[in-house]
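Notes for the one structure printed next.
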Amino acid sequence: MAQAKKALAKKQRGSSGARTLANTYLNYIGGRWTPSESGEWSENRNPADTRDVVGRFPVSTNEDVDAAVAAAREAFDSWRLTPAPKRAELMFRVGEILMRDKQEYTRDMTREMGKVLKEAGGDVQEAIDCTYYAAGEGRRLHGFTTPAEMPNKFAMCVRQPMGLCGLITPWNFPMAIPSWKLMPALVCGNTVVMKPAEDTPLSTYNLVKACEEAGIPPGVINLVMGHGSVVGARLSDHPAVRLISFTGSTETGQRVASACAERNAICSLEMGGKNAIMVMEDADIENAVEGAVWGAFGTSGQRCTASSRLIVHKKVYKKFNQQLVARAKALRVGNGADEKIEVGPVINPDAVEKIMSYIDIGQNEDGATLACGGRHLTKGDYANGYFIEPTVFTDVTPDMRIAQEEIFGPVTSVIPAKSLDEAIEIANGVQYGLSAAIYTQNVNRAFHAMNDIYTGIFYVNASTIGAEVHLPFGGTKGTGNGHREAGTQVLDIFSEWKSVYVDYSGKLQRAQIDNAKAIG
Ligand code: ADP
C-alpha cells in the first residue's frame, strides 16, 4: 500500500519533482521547480464548486521575480544563438505534448476556470495551433533586402530578439493567451518570465511543464505565480526586463504601461472590449441569434471579444428579441465539467459582485428592460459556485452605462437602430475597438460596415468571437496600444529590426554625400 502511494506520488510529480505534495505546485526558475521564498501558498478553488481545491500555488515575492529574471538573463545568450529552426524543433515537440495531453489539460482548465469542457478544449487547441504556427516561423522569421544607394554596397534588415520578456496573463484564456505570448517570444530567441493570473495558474503550469518535457533549456522559460500587485508589478518595474506583454483589465494595463514608460521599456497591451453585433433587416435572424448567444454567453461572457451589444434594425427588433430571449432562457447553466452544461460559472466572488452591480445599474439607473435572467443563482446545485443567469437587456440606448462599460459576464444589451449608418455610429461610439460583426445578406452593407467600423477585428455573418491564430488579434482605441498578437504581426512585438549595411567597395563611401556628388 505504502509502495502504491509512493508510486502515485511519483507519477503526480513527474520526472523532475514538479509537485512536492499532491496538488501543490511550484514556481519554475532556471529549470528547477522551487517554492516561493515566502513559504506561503494560496489555495485555488473550482468556481463551480468551491469545496473542490484545485491546488496550492506559491505566493511569490519580489525576490522570486528577481531570481527568475536572473535565470532568464543567464539563459539568453545561448538561446538567442540557437538557430531559430532548432528552437522551433523544440517548440514542435511542445505542440505534440499538448496534443497528447489535451484531454487532461481541458479537464484541469474547466476545473480551475469554469468554462465548459468544449470551450476549454478550444482553449487548449488554440495553444496547440499557436505553438505549431509559431514554430513554423523558425524557418522564416523573414527580414528583407533592399538596394543600397551606393555602388558595391548591400543593404538588409534582420530581426533580433528583444531580450528578456515579462508575460502577464489573465484568467479567461488560461492556456491560449500565455501561448500567444510565449511561443512567438521563444521562436524570436527571447527568454521569458511568465506570470499567470491568480485564479488560473494550473493551465499555465501545464503549458510550462510541456515545454520542460520538450527540452526547452533551463532558464529560457520561468514561471512565477502569485499576486499581480507583487509579481506583476515587480516584473513591470524590473530594469532588466525589456518588454512586458500584458493582457487583462484596462485599469491594470494602464498601470503596467506607466511602469514601463518610467524606465523606457516596451509594453504591449491587450485590454477591454465592448463589442457589437449589428443585425440588419435582411439578416438571417436564426443565424444571427445563434451568433449572439454564442458571443454573449460563451465563457459566461468573460471574453474581451464578448458580444455585449446587439444593435438590431427596428424592422426585425421584435422578432430578434423574441428568439434571443427564448434561446437565453433555455441555456443550461451549471458545472462545466458536465457535458450537457452550456454556461459555466463566473470566475470569482468579485466577478459576481461586479456583474450583479451592472444588472442593478441596467434596471435601476439606466432604466433598460430586463428581458430575461438577472439572478445570481445560489440554491441547490448552484450553492457552492459563482453562477449568474444569462441576462438580456432590451430597449437599451447607446449612452446607457450597460451599453458603454465592460461588464465581463453573461449580460448583453439589445439596442434598436433605424439604419445601417446609425448602427455603425452606435457600434463605434464606445471607448474600445476590439471586435465587431454584421449580419446581413447584402454585400454592399457588409463592405460598408467593414470599412467604417473602427475595430481590430470584424466579422460578417459570424459572431464577434472566433479569432484564428494566423491572423492578427488586437484592437483600436482603448483596447490596446496599437500592437497585434498572433499572425506574423506578433513578431514585431517580440523582435527588433536591425538594419545592416555591407560595403564591399574597399573604400570610404559616404551616404548622402558621395552619391549626391556623383548624381550632381
Ligand atoms: P482581471 O481584473 O481580469 O483579473 P487584471 O488586469 O487584474 O484582470 O489581471 C490581469 C493580470 O495582471 C493578472 O495576471 C494579474 O495578476 C496581473 N496584475 C494585477 N495587478 C497588477 C499590477 N499592479 N502590475 C502588474 N500585473 C498585475
Mind checking which residues of the stretch 237-256 are within 9 Å of the ligand (Cβ to nearest atom), surrounded by fewer than 22 Cβ atoms within 10 Å (Cβ to Cβ) and under 24 Å from A71 (Cβ atoms)? D237
The stretch 134-161 - residue that is more than 28 Å from A511 (Cβ to Cβ) and among the aliphatic types (A, V, I, L, M) and, of those, nearest to the ligand (Cβ to nearest atom): A134
Given the residues Y454, Y439, which is the only one that is within 22 Å of A403 (Cβ to Cβ), touching a helix residue (DSSP H, G or I) at 6+ places or on another chain (Cβ under 8 Å), loosely packed, with under 15 Cβ neighbours inside 10 Å and of a type in the set (F, W, Y)? Y454
For residues that are in contact (Cβ under 8 Å) with a residue 12 or more places away in the chain and aliphatic (A, V, I, L, M), scanning just the stretch 490-508, find the one that is most open to solvent (accessible area, probe 1.4 Å). V502
Enumerate the pairs (first residue in the stretch 72-89 and farther than 11 Å from N190 by Cα; second residue anywhere and modelled with pLDDT under 95) with beta-carbon separation below 7 Å, excluding pairs fewer than 6 apart on the same chain, so at least 6 apart or on different chains. none
Within the stretch 1-104, considering only strands (runs of 3 or more DSSP E) that don't extend past its boundaries, which have at least 1 residues that are open to solvent by 50 Å² or more (accessible area, probe 1.4 Å) and either at pLDDT 95 or above or touching a strand residue (DSSP E or B) at 6+ places or on another chain (Cβ under 8 Å) (or both)? 32-34, 41-46, 49-58
Can you tell me which residue among G466, G480, G385, G487 is buried (at least 24 other Cβ atoms within 10 Å of the Cβ) and under 23 Å from the mean Cα position of the chain (by Cα)? G480
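If you check A296 against the conditions, is it open to solvent by less than 60 Å² (accessible area, probe 1.4 Å), closer than 20 Å to T464 by Cα, over 26 Å from the mean Cα position of the chain (by Cα) and away from the ligand (no atom under 16 Å from the Cβ)? Even if it seems obvious, please write down each step before you answer.
Working: open to solvent by less than 60 Å² (accessible area, probe 1.4 Å): yes; closer than 20 Å to T464 by Cα: yes; over 26 Å from the mean Cα position of the chain (by Cα): no; away from the ligand (no atom under 16 Å from the Cβ): yes.
Criteria not met by A296.
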Give me a count of the residues in the stretch 257-284 that are more than 16 Å from the ligand (Cβ to nearest atom) and open to solvent by 10 Å² or more (accessible area, probe 1.4 Å). 5
I'd like to know if the stretch 218-230 contains one or more residues that are within 23 Å of S42 (Cα to Cα) and away from the ligand (no atom under 16 Å from the Cβ). yes
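The values are calculated or read from the model by the stated rules, or taken from the named source; none is laboratory data. These numbers come from a predicted model, not from an experiment. Cβ sites come from the backbone with ideal geometry, for glycine too, and all protein chains shown count toward neighbours. Side chains included, ligands, DNA and RNA excluded: accessible areas come from the protein's heavy atoms. Shrake-Rupley method; radii C 1.70, N 1.55, O 1.52, S 1.80 Å.
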